[in-house]
Every structure is written in C-alpha cells, then in structure tokens.
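Heads up: the structure comes next, in structure tokens.
None of the figures in this text is laboratory data; all of them are computed from the coordinates on show. Only a predicted model underlies this, so the values are computations on that prediction, with no experimental measurement involved. Ideal geometry is used to build each Cβ from the backbone, glycine not excepted, and the neighbour counts take in all protein chains shown.
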Amino acid sequence: MIFRNAFKNITPQLKALRPRKLSTEASSEGGSAGAGALLAAMGTTFGTYMVADFLSNFLQHPTQAMDYGYFNKFIGREVDEKFWGTRTQHIVGVAACLAVTDHASQHFFGRYLGRPLCFSKSPTAFVAHTFLFIFTGVTLYVGADAAFNPQNEGKRGEAFKEETYRSYVGSNTAWFEPYVPVAVAKFAGPAAAGSWLGSSLLPATLAYTTVKGVGWYDWGNNGLNDHEKRLNGLKK
C-alpha cells in the first residue's frame with residue numbers, strides 16, 4: 001500500500017539482519033541500523049494512517065460532530081468516554097495495527113518475489129498484499145478491542161465474530177487503493193503522484209473511507225456511537 005518507496009529503501013537493511021560470517025561488531029552495527037530504519041518507516045506509516053483515518057471522517061460524516069473522547073474538550077465538545085469507543089481509539093489503534101501488517105506483508109511478498117514489492121511490476125501481488133494487510137490489520141485491532149474494551153464486557157466473543165466479518169467485507173472494497181497514484185499521475189502529473197500526498201495520504205484516506213463506510217455502514221447519521229448521536233441531536 002503506501003510507503004512502498006520507504007520500504008524499498010529499507011529492504012537491503014533488513015537483509016543485514018540475516019546471519020552472516022561477519023565480526024560480532026559489524027553484525028551488531030548492521031542489525032541496529034536495519035532495525036532503526038524499520039522502526040522509523042513504521043513510525044511514519046503509523047502517523048500517515050492516523051491522519052488518513054481522521055480525514056476520512058469528514059468524507060463519511062461531513063456535517064456530523066464526531067466524538068474524539070478526551071480531545072473533545074479542545075474543540076468545545078462534551079467529553080463522555082475519554083478513549084474507549086471513541087474515534088480516537090479507532091484512529092490510534094487501527095493505525096498501529098496497519099503499520100505493523102503493512103510492512104510485514106510487504107516484506108513477505110518481497111521475499112516471495114525476490115525483489116521489493118512494486119505495483120508496476122507485480123500488480124496482482126500488490127492488490128493481494130493490499131487486501132491481506134488491511135484485513136489482518138483491522139482484524140488484529142478488532143481482536144484487541146473485543147478483548148480489552150470495557151464496553152464489550154459480557155459479549156467479547158460475539159463482538160469479535162461480528163467485527164471480523166465487517167472487517168472482511170470492508171477490506172474487499174480497498175482493491176482500488178494501488179490505482180489511486182496512477183490516477184493522480186494521469187490528472188496531476190508524476191510529481192504529484194510521487195508525493196506523500198498523492199502516493200500515501202490520499203490512497204489511505206480513500207481506503208479508510210470505503211472500508212469503514214461499507215464494512216460498518218459508517219456514513220452520515222449511521223455508524224455513530226451514543227455520544228455522537230447526542231452531540232448531533234439524534235435519538236439513540
């Protein structure tokens with residue numbers, strides 16, 4: 001998905017983590033550099049996904065007030081739950097899970113193909129990667145939410161099954177994501193397509209929108225939590 005260029009740059013460093021017949025000092029330095037680059041790339045991906053999730057709320061709920069938990073007080077909204085069940089929980093939790101599965105999936109496909117995963121060279125594999133990492137990442141988040149969210153007390157198994165199915169349905173809508181930079185290049189030029197906005201943020205924002213919108217029917221006045229319904233003057 002996004003940050004494929006960043007991942008290409010760290011692939012050679014990841015190979016440095018494999019056992020080699022080098023001195024202990026050299027191996028340690030190579031391993032530290034590779035691990036540091038990977039963590040930096042994952043951190044950037046994590047940040048981008050959080051921004052994308054936040055922006056997708058404006059596409060899904062253009063006129064509705066969202067519940068950002070603790071952060072509501074900074075935008076003049078009443079705080080109900082500080083974290084659990086809020087948009088902030090979703091923004092942070094899903095982004096963290098996707099950052100892990102995105103890079104893990106790209107590394108897996110790269111090893112399988114024998115080269116860094118690239119949409120132009122391996123479109124089928126890239127689309128498969130897109131579904132795989134989104135579905136596994138969102139399902140990982142769903143599992144954590146079912147296990148630890150106090151609001152799921154007494155129905156954790158049921159919540160996990162229901163949300164996993166929604167994750168599957170929503171993830172199937174993100175097949176278009178690798179094609180977004182191609183469309184940007186056609187209408188705005190290769191420079192725009194290669195930028196962070198065109199190659200990373202825009203595709204991720206649109207993917208978040210369809211995955212949440214279709215999988216959870218999270219559009220307009222639908223998909224709101226109880227506090228959001230109160231904020232928007234709707235009945236529970």
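Within the set 73/161; 82/155; 186/212; 161/186, which residue pairs have Cα atoms separated by over 31 Å? Distance filter (> 31 Å) returns 73/161; 161/186.
With a Förster radius of 30 Å applied to the C-beta separation of residue 161 and residue 84, the computed FRET efficiency comes to 0.90. With only the Cα atoms considered, region 152-210 has a convex hull volume of 74 Å³ per residue. With only the Cα atoms considered, region 4-231 has a convex hull volume of 154 Å³ per residue.
Grab the beta carbon distance between residue 187 and residue 219, set R0 = 25 Å, and tell me the FRET efficiency rounded to 0.05. The computed FRET efficiency comes out at 0.45.
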